[in-house]
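Each value in this text was obtained by applying a stated rule to the coordinates, not by laboratory testing. Owing to the predicted nature of the structure, the values given are computational and were not obtained by experimental measurement. Don't worry about glycine lacking a Cβ; one is built from the backbone with ideal geometry, like all the others, and counts go over all protein chains shown.
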């Protein structure tokens, strides 16, 4: 008998086909494999049933509270550092469309593998988080986390404020 060679599970996800979501205050492109599970005037949830994950997005109006909104978003991202192996910050700047923010990539067995915020610094503030509805096991969810992190980056890149 010959032992089988060690192998890694290869997960392949479909190429992203982009659609558009519009709210009263902003719009962005999203991967159409996601389902818009819920939407209110200040929040929405994009569900990825095949990956057992969701991206939660929340909107807040900037009313002389930008420092607090930024502080809360940063604090929330680092609450995951207890279980995380690392958190990588990636600044985002789109001067042309006045979209500025930060993307946090979380590695390790944290509850959330990514968070982000974007703002125009004067009126609008959007935060988002990626969660899987499974016990965090980074090795198992890594391919899906990486795929959905790319979706989040695309959302940030295509986000436009409404006047």
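If the condition is being over 17 Å from residue 128 (Cα atoms) and touching a helix residue (DSSP H, G or I) at 6+ places or on another chain (Cβ under 7 Å), then the range 34-52 contributes only 51. Only residues that are part of a strand (DSSP E or B) and surrounded by 15 or more Cβ atoms within 10 Å (Cβ to Cβ) were counted across the range 53-77, and they come to 8.
Could you check the range 79-104 and list, in sequence order, the residues that are surrounded by 15 or more Cβ atoms within 10 Å (Cβ to Cβ), out of contact with any helix residue (DSSP H, G or I) (no Cβ under 7 Å at 6 or more places or on another chain) and farther than 26 Å from residue 161 by Cβ? Of everything in the range 79-104, those that are surrounded by 15 or more Cβ atoms within 10 Å (Cβ to Cβ), out of contact with any helix residue (DSSP H, G or I) (no Cβ under 7 Å at 6 or more places or on another chain) and farther than 26 Å from residue 161 by Cβ turn out to be 80, 84. None of 67, 79 is over 12 Å from the mean Cα position of the chain (by Cα), without any contact (Cβ under 8 Å) to a residue 60 or more places away in the chain and closer than 26 Å to residue 41 by Cα except 67. For the range 22-45, a residue qualifies if it is crowded, with 17+ Cβ neighbours inside 10 Å, touching a residue at least 24 places away in the same chain (Cβ under 8 Å) and assigned to a strand (DSSP E or B), and the qualifying residues are 26, 28, 29, 30, 31. Filtering the range 145-157 to residues that are crowded, with 17+ Cβ neighbours inside 10 Å and under 11 Å from residue 28 (Cβ atoms) leaves 151, 152, 155, 156.
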